[in-house]
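Everything below concerns the one structure shown next.
The values are calculated or read from the model by the stated rules, or taken from the named source; none is laboratory data. None of the values given here were measured: they were computed from a predicted structure. Here the Cβ is made from the backbone with ideal geometry for all residues, glycine too, and neighbour counts use every protein chain on show. Accessible surface is based on the protein model in full, side chains and every heavy atom, while ligands, DNA and RNA are left aside. Shrake-Rupley method; radii C 1.70, N 1.55, O 1.52, S 1.80 Å.
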Amino acid sequence: MEKITFFGTHSYDRANFTAANADFNFDLHFLRSFLDEHTVKYLEGARAVCVFVNDNVNRQALYSLKDQGVELVALRCAGFNNVDLQAAKSCGIRVVRVPAYSPHAIAEHVVALLLTLNRKTHRANLRTRDGNFALHGLMGFDLFDKTAGIIGTGKIARVLIKILQGFGMHILAYDPYPDLGYAEQNQVQYVDLKTLYAKSDVISLNCPLTSENRHLINREAIEGMKKGVYVINTGRGPLIDTQALIEGLKNGTVGAAGLDVYEEESSYFFEDRSDKVIRDDNLSRLLSYNNVLITSHQAFFTQEAMHSIALTTLANCQEYFEGRPLSNEVCSQA
Ligand code: NAI
């Protein structure tokens with residue numbers, strides 16, 4: 001029976017993968033710790049490891065994995081920015097991922113962040129629970145007839161665009177690989193980033209993190225945005241320069257920010273740190289603003305998405321162990 005060692009697991013991962021494994025019959029070995037150069041020793045003879053968004057699959061970790069006989073890294077997520085693909089290639093470790101599980105889960109979370117921030121239901125809930133029924137400060141705006149600027153027009157963005165069009169929003173989009181046929185059929189207008197920033201009332205980041213777009217939303221980008229713009233990031237934390245976002249929030253250029261991902265999230269997200277002091281000053285500051293809503297990288301977290309992630313991840317491993325072509329392999333372009 002092939003063994004797969006899982007890093008960075010929580011009770012919900014263990015339950016989900018154990019249930020899905022009924023169709024596969026692997027020997028699943030779950031670890032709480034993230035994968036890094038220190039934890040790599042807890043493999044116990046597995047040929048495959050399964051990791052998530054904040055495991056640090058760097059060169060050192062990969063070579064240690066290789067030394068211990070690991071042949072496959074199975075990401076239980078879509079993004080692969082945390083894996084040094086060149087190092088994986090040079091040491092002969094194959095990498096697979098789950099390219100799509102439920103784009104609906106993430107798109108719907110974008111809308112949850114947007115609606116909460118706009119209609120201020122997070123604040124209203126706190127007020128009414130305290131017997132305060134005043135409306136002061138809770139005024140929102142109609143999404144109808146407003147413009148959403150969508151950065152990246154892949155699977156998630158397309159679901160999101162459909163939902164936002166349901167509100168009657170106009171859609172501008174930017175993608176270095178535009179799909180003009182899709183745009184024409186779906187009333188989506190591709191524009192350059194400068195135009196998107198200048199004309200959008202709401203901006204949503206739905207692209208991967210690559211070596212080119214780190215700090216895509218920086219001071220210059222924010223200076224070019226419409227005053228009061230809502231910025232929603234479910235893509236990856238480093239797409240936004242946090243310091244620049246804080247400045248934008250302070251000077252009012254950014255009217256609200258919904259962040260499901262954060263530049264330095266790996267030290268905080270997915271864990272209960274409620275009895276500890278937050279040492280990250282940027283995170284503390286963002287958490288102190290009532291027009292900022294931070295969720296802990298939970299956009300993917302629906303029953304349907306989790307089930308699909310487990311099935312695809314185990315199927316990816318099965319393909320490898322059976323020597324079949326890998327449907328969801330991630331390869332270094334270098
Ligand atoms: P996808 O691969 O279907 O689409 C990505 C799109 O982004 C493509 O059209 C691509 O051409 C475009 N793109 C690439 N580089 C770009 C750039 N520099 N600027 C603008 N667009 C660019 O991916 P999908 O499934 O829509 O996911 C998008 C991203 O969402 C993932 O890469 C991941 O980082 C993030 N994600 C976040 C989750 C969460 O729980 N918060 C869960 C799943 C994905």
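General remarks:
- Checking each residue in region 219-234 for being touching a strand residue (DSSP E or B) at 6+ places or on another chain (Cβ under 8 Å) and either more than 13 Å from the ligand (Cβ to nearest atom) or open to solvent by 40 Å² or more (accessible area, probe 1.4 Å) (or both) picks out Ile222, Met225, Lys227, Gly228, Val229, Tyr230, Val231.
- Any hit, region 115-134, residues being open to solvent by 10 Å² or more (accessible area, probe 1.4 Å), closer than 30 Å to Pro325 by Cα, basic (Lys, Arg) and in a loop (DSSP other than H, G, I, E, B): no
- Among residues of region 299-324 that are touching a residue at least 12 places away in the same chain (Cβ under 8 Å) and of a type in the set (A, V, I, L, M), those with a Cβ under 6 angstrom from a residue that is assigned to a loop (DSSP other than H, G, I, E, B) and within 13 Å of the ligand (Cβ to nearest atom), sequence gap 6+ or separate chain, pair up as Ala299/Thr234; Ala299/Asp260; Ala305/Tyr101; Ala305/Ser102; Ile309/Arg76; Ile309/Val98; Ile309/Tyr101.
- Inclusion of Val254 among residues that are open to solvent by less than 20 Å² (accessible area, probe 1.4 Å) and within 14 Å of the ligand (Cβ to nearest atom) is not warranted.
- The set of residues from region 315-334 being in contact with a helix residue (DSSP H, G or I) (Cβ under 6 Å, 6 or more places away or on another chain) and surrounded by 11 or more Cβ atoms within 10 Å (Cβ to Cβ) comprises Leu326, Asn328, Ser332.
- Selection status of Ile151, open to solvent by less than 10 Å² (accessible area, probe 1.4 Å), of a type outside the set (Phe, Trp, Tyr), more than 9 Å from the ligand (Cβ to nearest atom) and modelled with pLDDT of 95 or more: no
- Qualifying residue in region 163-173 (condition: closer than 21 Å to Asn218 by Cα and within 11 Å of the ligand (Cβ to nearest atom)): yes
- The residue that is nearest to Gln187 (Cα to Cα), among those in region 138-148 that are open to solvent by 50 Å² or more (accessible area, probe 1.4 Å) and among the hydrophobic types (A, V, I, L, M, F, W, C), is Phe144.
- Residue in region 202-218 that is assigned by TED's automatic domain parsing to the domain that holds Pro176 and over 19 Å from the mean Cα position of the chain (by Cα) present: no
- Pair list, Cβ < 8 Å and 6+ apart or interchain, from region 150-166 residues that are outside the structural domain of Gln187 (by TED's automatic domain parsing) and hydroxyl-bearing (Ser, Thr, Tyr) to residues that are near the ligand (Cβ under 6 Å from one of its atoms) and in a helix (DSSP H, G or I): none
- From the list Leu245, Leu259, Leu287, Leu239, the lone residue that is open to solvent by 40 Å² or more (accessible area, probe 1.4 Å) and either in the same structural domain as Gly137 (by TED's automatic domain parsing) or under 28 Å from Ala88 (Cα atoms) (or both) is Leu287.
- Flag if Gly237 is more than 12 Å from the ligand (Cβ to nearest atom) and not β-branched (Val, Ile, Thr): no
- Unique match (being modelled with pLDDT under 95 and either surrounded by fewer than 23 Cβ atoms within 10 Å (Cβ to Cβ) or outside any helix (DSSP H, G or I) (or both)) among Thr195, Thr210: Thr210
- Positions within region 276-299 being part of a loop (DSSP other than H, G, I, E, B) and away from the ligand (no atom under 16 Å from the Cβ), in sequence order: Lys276, Val277, Ile278, Arg279, Asp280, Tyr289, Asn290, Asn291
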